[in-house]
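Down below is the structure, laid out as structure tokens.
The values are calculated or read from the model by the stated rules, or taken from the named source; none is laboratory data. Remember, it's a predicted structure, so these values are computed and weren't measured experimentally. Using ideal geometry, Cβ is built from the backbone for each residue, glycine included, and neighbour counts are taken over all protein chains shown. These accessible areas exclude ligands, DNA and RNA; they are computed on the full protein's heavy atoms, side chains included. Shrake-Rupley method; radii C 1.70, N 1.55, O 1.52, S 1.80 Å.
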Amino acid sequence: MSELSWHKSACNLCYINCGIEVAVEGEGAAARIKRVRGDESNPKSRGYLCNKAQGIMSYVHHKDRLTTPLRRRSDGSHEAVSWDTAITEIAARLRTVIDTHGQQSLALYGGGGQGNHAGGAFATAFIRGLGSRHVFNALAQEKTGDFWVNGHLFGAQSCHTAEDIEHCDLLLVLGANPWLAHGFANARSQLNDIAKDPARKLIVIDPRRTETAEHADVHVAVRPGADAFLLTALLAMLVRQDLIDEKFLNAHTTGFEAVKACLLEVPIARFAAAADVPLATLKQVAQMIGQSRAMVVRAELGIQQGLYSTLNSYLEKLLFLITGNFGKRGTNVLHSWLQPLWGNGRGQRYAPLGIEVIAGLLPPNVLADAIESPHPEHLRALWVDSSNPVNTAADTQRVLAAMGKLDLMVAVDVALTETAARADYVLPAASQFEKCEYTLFSFEYPTNYFHVRRPLLPPLADTLPEPEIYTRLAQALDLLPPAAALDELRDRAALGHGAFAPGFAALMAAHPECGAVAPLVLYNTLGAVLPHGTAAAAPLWGAAQRLARTRPESVSAALAITNSLAPEQLGARLFDAIIASPSGTAFSVDASVWDLIETADRKVHLAIPTLLDALAALSPADVEPPADFPFVLSAGQRRAQNANQIFRAPDFRKRDPDGALSIHPDDLDALVASEGAWLVVESSRGELVVRARADAGLRRGYVVLPHGYGQAYPGADGQRHVCGPAINWLTDSAWRDPVAGTPYHKHVPVRLRAADPAQAAAAEANSRAVLASVAG
């Protein structure tokens with residue numbers, strides 16, 4: 001065995017991106033990741049690491065990696081082609097679509113994932129360079145209702161709330177399970193700290209007694225889909241018992257009187273009954289909030305993909321705002337950005353469907369509608385980058401049917417995903433540990449951090465990092481400035497920031513048509529002189545310059561600079577610090593959240609008329625399941641051994657290889673079935689055969705399936721076998737929030753039955769084939 005070499009990086013399996021140290025054995029094409037441990041020098045995670053990071057080897061080294069560009073044949077199969085052939089043909093077909101149908105007939109789907117936002121900068125630049133701003137993204141599958149609310153409250157949809165959990169004395173967890181899903185730094189350590197401190201309390205609101213609820217002082221087992229009723233009743237009780245912060249409201253908010261008037265009309269007892277929560281429990285929670293010194297509300301997809309999802313996001317924010325638990329130590333806060341991960345919509349509409357574009361993103365729920373719309377600018381070409389909408393967008397059968405009507409679909413990915421398998425061209429990308437990477441999940445306050453990760457392994461033969469892929473495409477489509485101009489700017493970059501900055505400004509002024517592809521210009525000039533293989537981080541130069549201009553005090557504090565610097569010098573210092581640190585570095589230290597608010601008066605605007613009307617219209621009858629689908633399915637649970645679609649190899653999921661359906665034991669008995677039996681889950685859209693797993697922590701009538709399964713993987717027998725449930729065969733793209741279009745994945749009406757012998761035998765054979773693929 002050769003000697004191990006240790007390297008700094010970050011985990012890419014959830015959006016916290018904890019710092020890690022990775023042991024690599026071998027060199028060149030033989031190099032393999034062998035061990036992973038926490039990086040104690042990472043300023044954010046400080047050595048913390050959960051079990052999922054041990055699955056990184058399964059992400060990087062598996063049998064389904066792409067190693068050559070592919071072109072789809074007429075029979076639906078793919079053939080290998082050269083990079084030159086793929087680039088030339090794709091460029092020609094893109095130009096034909098745009099010349100025939102216009103720039104708006106093209107859209108990007110994806111543009112980065114849990115750990116790879118560097119590639120997204122270049123994918124977005126490429127699509128914008130072609131004249132389209134249409135982006136479908138997983139954030140719009142989950143979070144755009146929350147962003148829409150933030151835009152109304154704080155003045156911009158890019159204003160994003162975070163949590164100072166380390167210093168709170170009351171943590172209220174709503175629709176989240178941070179013990180397994182994290183969502184904030186060092187989650188298990190922080191939950192343990194709360195549990196050990198008698199002065200600190202934890203409340204968990206969830207239909208299931210989760211691993212986090214096991215640590216709670218109070219667990220409120222709310223009825224599935226009734227979060228809006230519970231939160232509304234709780235808010236009304238806080239108002240009526242005068243457990244609000246009048247001083248805070250008068251100083252920092254507007255519109256409270258309209259909110260108060262609405263809450264005073266709420267029938268508390270009726271709404272508590274709709275949520276199936278005793279009034280005594282509601283009063284206990286209200287008193288705990290009233291007695292707390294500093295409360296944090298931690299909310300996640302349990303409410304953001306549940307019934308009334310945008311209304312839920314509004315209500316959970318009102319909970320900390322009307323009680324004054326905002327903007328101070330140990331409460332909810334806003335955070336800075338080095339580069340915002342999403343935009344600020346200003347009421348723009350997507351013409352083919354007439355829907356609002358929130359945060360610059362289109363919801364995956366409308367992908368099929370966008371393709372099938374009769375509008376002349378309906379979607380005809382789809383560029384898929386680091387995403388797998390066949391598995392992850394709602395209503396798989398409808399997505400597949402719509403994709404068949406596209407003139408062109410191209411996928412850029414590391415593996416042969418279900419979407420790549422249906423693309424006209426597939427371009428093989430290097431994995432996240434074979435290239436320079438970073439994420440834009442910088443959600444900390446008051447000190448915020450950024451981590452550029454250096455490549456640890458060489459790319460597989462005939463794969464390319466995304467900036468190289470998009471450079472070749474941009475050259476083929478004549479989107480970049482002349483080569484001589486780029487050469488001259490590259491020479492200036494070698495002389496330092498003082499020479500590069502004016503040269504870059506002059507080049508872009510001379511070629512304004514290239515503004516959209518500025519990230520590619522930076523990569524091909526400044527990137528060429530960056531150390532440690534970090535060329536892909538070159539677009540961060542512009543972000544650092546912008547932050548230095550707009551928040552110089554915060555940047556100076558992060559860099560411990562006491563003397564005054566010109567903005568361009570401060571931006572250069574920040575960029576150099578980001579590139580130089582293998583474990584990440586602070587980029588801002590903010591003294592107050594109030595200058596992060598973007599309303600003109602720097603106050604929180606509490607009244608959102610659309611949502612106050614929705615609150616007034618709430619009806620308990622709406623949470624009753626239909627008689628023919630009496631169970632409520634939560635589709636997409638985070639478990640100990642899953643991580644979205646990024647895990648394709650099944651070897652990390654040995655403890656739950658089938659992605660079992662969790663069900664209350666009494667419900668399992670009523671189906672005359674036992675632990676480990678095969679059940680049929682049927683919705684209005686389709687059915688799946690799933691393994692049963694009893695969970696006494698669930699409410700009766702409530703069942704749960706995990707996300708991150710349903711991928712086809714090559715088995716030992718040479719065939720591809722689907723690993724676990726592809727849950728979006730059950731979901732309906734029309735079952736969605738009316739404001740943001742986010743799916744109600746946590747509230748899917750279903751019915752259950754025992755699988756017949758033939759179904760059970762087929763499912764068991766497939767399960768064994770999947771396990772054999774691991775052994776093979």
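Suppose only helical runs count, i.e. DSSP H with n ≥ 4. What mean residue ellipticity at 222 nm does that imply for the chain under -39500 (n - 2.57) per run, divided by all residues and rounded to the nearest 500 deg cm²/dmol?
-9500 deg cm²/dmol
Residue by residue through the range 181-186, what is 3J(HN,Hα) from phi via Karplus (6.51 cos²θ - 1.76 cosθ + 1.60, θ = phi - 60°)? Round to whole Hz and write x for glycine and proline.
Values, residue by residue: 9, 6, x, 8, 4, 6 Hz.
How much accessible surface does His219 have with a 1.4 Å probe, in Å² rounded to 10?
In the full protein context, His219 sits at about 50 Å².
Counting pairs of alpha carbon atoms under 8 Å apart in space and at least six apart in sequence, what relative contact order in percent does the chain give? Show your work: numbers first, answer last.
On the way: 1694 pairs, mean separation 134.3, N = 776.
Rounded, it is 17 percent for the chain.
Would you please put 472-478, 251-257 in order of how densely packed they are, using the mean number of other Cβ atoms within 10 angstrom per residue and starting with the highest?
Highest to lowest by the protection proxy: 472-478, 251-257.
Over the chain, with the other protein chains present, what is the accessible area per residue in square angstrom, probe 1.4 angstrom?
On a per-residue basis, 36 Å².
So what is the relative contact order of the range 515-671, in percent, for Cα pairs below 8 Å that sit 6 or more residues apart?
Working: 91 pairs, mean separation 20.0, N = 157.
The normalised contact order for the range 515-671 reaches 13 percent.
Quick one: with all protein chains in place, what share of the accessible area of the chain is carbon or sulfur, to the nearest percent (1.4 Å probe)?
Percent of accessible area from carbon and sulfur atoms in the chain: 51.
Quick one: Cα centre-to-centre distance for the range 530-561 and the range 661-682, in angstrom?
Between the Cα centre of the range 530-561 and that of the range 661-682, the gap is 54 Å.
What figure in square angstrom, to the nearest 10, would you give for the accessible area of Glu163 with a 1.4 Å probe?
50
Counting only C-alpha contacts under 8 Å and six or more residues apart, can you give the relative contact order of the range 685-764 as a whole percent?
30
For a test of the definition: using alpha carbon positions, the gyration tensor, and the 1.5 limit on a/c, classify the range 585-671 as rounded, prolate or oblate.
Judged from the Cα gyration tensor, the range 585-671 comes out oblate (a/c at least 1.5, b/c at or above a/b).
Magnitude of the Cβ-charge dipole of the range 204-295, K/R +1 and D/E -1, about the Cα centre, nearest 20 debye? Please list the in-between numbers first.
On the way: 9 positive and 11 negative charges, 29 e Å.
Charge dipole of the range 204-295: 140 debye, to the nearest 20.
For labels at Asp487 and Ala696 in the simple 7 Å Cα→Cβ model, what's the distance in nm?
Roughly 7.6 nm, to one decimal.
Compute the label zone of Ala30 within the range 1-15: residues whose backbone N is under 14 Å from the point 7 Å along Cα-to-Cβ.
Only 1-4 fall inside the zone, counting backbone N under 14 Å.
Using amide H atoms built in the peptide plane, which far-off residues or other-chain residues are under 5 Å from Phe136 H to H?
Under 5 Å from the amide H of Phe136: Leu108, Tyr109, Gly110, Leu362.
Per residue of the range 593-600, in order, report the coupling 6.51 cos²θ - 1.76 cosθ + 1.60 (Karplus, θ = phi - 60°) as ³J(HN,Hα) in whole Hz, putting x for Gly and Pro.
7, 6, 8, 8, 6, 10, 5, 4
Sort the following peptides by mean Cβ neighbour count (other Cβ atoms within 10 Å, averaged over residues), highest first: 226-232, 151-157. Display every interim value, and only then the final one.
Numbers: 226-232: 27.4, 151-157: 22.4.
Ranking, from highest mean packing down: 226-232, 151-157.
If R₀ is 35 angstrom, what is the calculated FRET efficiency for the pair Glu553 and Leu495, using the beta carbon separation as r and rounding to 0.05? Provide the component values of the computation, followed by the final result.
On the way: r = 30 Å, r/R0 = 0.85.
Result of the calculation: an efficiency of 0.75.
Report the label-to-label distance for Arg546 and Asn250 in nanometres (one decimal), using points 7 Å from each Cα along the Cα→Cβ vector.
Roughly 4.0 nm, to one decimal.
Just name one of Ala140, Ser9, Leu321: the one whose Cα is farthest towards the positive end of the charge dipole of the chain (beta-carbon charges, Lys/Arg +1, Asp/Glu -1).
Ser9
To the nearest 10 Å², what's Asp245's accessible area with a 1.4 Å probe?
50
Using amide H atoms built in the peptide plane, which far-off residues or other-chain residues are under 5 Å from Leu440 H to H?
Residues meeting the criterion, in which the H sits 1.01 Å from N, are His117.
If you place +1 on the Cβ of every Lys and Arg, -1 on the Cβ of every Asp and Glu, and leave all else neutral, what size is the dipole of the chain about its Cα centre, to the nearest 20 Debye?
Charge dipole, the chain, about its Cα centre: 680 debye, nearest 20.
Would you mind working out the magnitude of the charge dipole of the range 597-637 relative to its Cα centre, with +1 at each Lys and Arg C-beta and -1 at each Asp and Glu C-beta, to the nearest 20 Debye?
That gives the range 597-637 a dipole magnitude of about 240 debye.
Which one, Pro376, His335, Ile355, is farthest towards the positive end of the dipole of the range 327-378 when Lys and Arg carry +1 and Asp and Glu -1 on their Cβ?
His335
Can you tell me how much longer the chain between His511 and Ser674 gets when fully stretched, taken as 0.36 nm per residue apart minus their C-alpha distance, in nm with one decimal?
Roughly 51.9 nm would be gained on extension.
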